[in-house]
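See below for the structure under consideration.
The values are calculated or read from the model by the stated rules, or taken from the named source; none is laboratory data. This is a predicted model, so every value here is computed, not measured. In this analysis, Cβ positions are derived from the backbone assuming ideal geometry, glycine residues included, and neighbour counts consider all displayed protein chains. Note: areas computed on protein heavy atoms with side chains; ligands, DNA, RNA excluded. Shrake-Rupley method; radii C 1.70, N 1.55, O 1.52, S 1.80 Å.
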Amino acid sequence: PVAIADTVREAVAATAPDTKSAHCEVHLELPPDLPAVNGDEAALRRVFQNLITNAAKHAGSGGWIGITAANVEMEKSPMIEIKVADRGPGIPKAELNEIFKPFFRGAAAQANQIRGSGLGLSLVREIVEAHGGTVSALSQPGHGAVFVVRLPASKD
């Protein structure tokens, strides 16, 4: 069992240099009764570090990163839903279906020479899916992006 709230807090702490250099305020909202998930704590921390770092790199102009978590009831089992949102320029609709593919780098990232290999989000997806979860992205250009990670709540 992994105390996912602690894992997310550790990811926020680990990415503080990136969020500070991007002049981003990080707003963290985690309920005190968030259940644990079963999995690899280091791998899950890497998921959230990647999402937070990406928000700082690609959406730092928005000045804000919001991280929330909630228990959600799905058809099959209870899930923990963690969202990482930003107020940056958003992701073009044509790129939303591509961003989780290995080596994909968006046009804006290339044009602005934002560092990265295009592997981060594909690794996020692999780690989340290996834990029985899902990851998705929602965005409206000009209104930021939201990455939604859903992981099965531990039955223990």
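Here are the numbers for the structure shown:
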{"read-out": "Answer residue from the range 68-125, given it is closer than 24 Å to D6 by Cβ and polar (S, T, N, Q) and is modelled with the lowest pLDDT among those", "value": "S77"}
{"read-out": "Identity of the residue in the range 40-63, open to solvent by 40 Å² or more (accessible area, probe 1.4 Å) and modelled with pLDDT of 95 or more, that ends up nearest to H131 (Cα to Cα)", "value": "D40"}
{"read-out": "Subset of the range 8-27 that is open to solvent by 40 Å² or more (accessible area, probe 1.4 Å) and touching a residue at least 40 places away in the same chain (Cβ under 8 Å) - its residue that is farthest from E73 (Cα to Cα)", "value": "H23"}
{"read-out": "Filter result (open to solvent by 70 Å² or more (accessible area, probe 1.4 Å) and out of contact with any Gly (no Cβ under 8 Å at 6 or more places or on another chain)) within the range 28-37", "value": "P32, D33"}
